[in-house]
1. Determine whether Gln79 is within 19 Å of the chain's Cα centre (by Cα), over 23 Å from Tyr177 (Cα atoms) and not hydrophobic (A, V, I, L, M, F, W, C).
2. Which condition from (1) assigned to a loop (DSSP other than H, G, I, E, B); (2) surrounded by 14 or more Cβ atoms within 10 Å (Cβ to Cβ); (3) out of contact with any helix residue (DSSP H, G or I) (no Cβ under 7 Å at 6 or more places or on another chain) is the one that Thr152 breaks?
3. Considering every residue within the stretch 166-173, establish whether at least one is in a helix (DSSP H, G or I) and within 16 Å of the chain's Cα centre (by Cα).
4. May I ask you to list pairs of residues, at least six apart or on different chains, whose Cβ atoms are under 7 Å apart, with the first in the stretch 174-193 being in contact (Cβ under 8 Å) with a residue 24 or more places away in the chain and over 25 Å from Thr25 (Cβ atoms) and the second being part of a helix (DSSP H, G or I) and of a type outside the set (Phe, Trp, Tyr)?
5. Can you pull out the helices (runs of 4 or more DSSP H) entirely within the stretch 1-104 that have at least 3 residues that are within 17 Å of Leu143 (Cβ to Cβ) and free of Cβ contacts under 8 Å to residues at least 60 places away in the same chain?
6. Collect the residues in the stretch 169-187 that are closer than 27 Å to Asp57 by Cα and of a type in the set (Val, Ile, Thr), keeping them in residue-number order.
Amino acid sequence: MLGLKLPTDPRWVDIVEKDIEEILTDHAYCEQKAASNAISIIVKFPEYPDVVEAMGDLVKEEMEHFQMVHQQLMKRGLQLGRERRDDYIHDLLAFLKKGGSHEQQFVERMLFAAMVEARSCERFRLLSEEINDEELKVFYRELMESEARHYTLFLNFARKYSKTIDVDKRWKEFLEYEATLMNKYGKTGTIHG
């Protein structure tokens with residue numbers, strides 16, 4: 001369904017399990033950044049009422065997820081650490097076409113968000129199947145389903161509002177590029193690392 005070209009090596013879960021505080025802290029900030037991205041989309045593309053409405057709902061949902069992850073930290077006697085730089089996100093941002101029409105910018109932003117949600121969904125699925133912590137298995141299963149909805153939301157908006165851009169072609173380019181990135185990721189205990 002996700003179309004990802006290179007799956008995460010299942011051994012990534014072994015890295016994650018060595019430092020649950022690290023993955024949960026990184027995950028919490030990923031949720032916060034997803035909420036910030038949705039707010040930014042509202043600011044940049046207010047002319048699409050259904051997008052604005054969906055992003056408003058997404059902001060609430062992502063911040064609820066932030067709180068849920070924070071609660072997982074507290075249950076374990078762990079603390080939310082400092083925000084980490086997400087090199088995967090920076091590498092994806094480098095792939096976006098700069099400038100261009102407003103329509104091009106909108107499509108690029110939607111596909112970027114869809115890509116992040118797709119990889120997060122794939123990582124959450126892996127955690128829901130492989131992590132030894134039974135509570136986190138259930139936790140990540142529920143979040144995986146949410147990420148899948150977000151992924152399709154962004155892709156659908158790109159398709160809906162593109163009049164001159166071949167969204168499916170550009171999405172394939174995103175998938176190909178992202179696969180080249182994955183050779184350097186999956187080696188740290190972070191959601192995208």
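1. For Gln79, the condition - within 19 Å of the chain's Cα centre (by Cα), over 23 Å from Tyr177 (Cα atoms) and not hydrophobic (A, V, I, L, M, F, W, C) - is not met.
2. That leaves (1) as the condition not met.
3. Scanning the stretch 166-173 turns up at least one residue that is in a helix (DSSP H, G or I) and within 16 Å of the chain's Cα centre (by Cα).
4. What qualifies is Phe174/Leu111; Phe174/Met115.
5. The helices (runs of 4 or more DSSP H) meeting that bar are 20-44, 49-75.
6. Taking the stretch 169-187 first, the residues closer than 27 Å to Asp57 by Cα are 170-171, 174-175.
Within the stretch 169-187, no residue meets the criteria.
To keep it simple, each residue is scored yes or no on (1) under 20 Å from Glu62 (Cα atoms); (2) in contact with a Leu (Cβ under 7 Å, 6 or more places away or on another chain); (3) buried (at least 18 other Cβ atoms within 10 Å of the Cβ).
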| site | (1), (2), (3) |
| --- | --- |
| Leu127 | yes, yes, yes |
| Lys137 | yes, no, no |
| Phe157 | yes, no, yes |
| Val167 | no, no, yes |
| Gly189 | no, no, yes |
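Any read-out appearing in this document is the output of simple, stated calculations on the displayed coordinates, not a laboratory observation. Being a predicted model, the structure only gives us computed values, none of them experimental. A quick note on method: Cβ atoms are made from the backbone with ideal geometry, for glycine too, and the neighbour counts reach across all protein chains shown.
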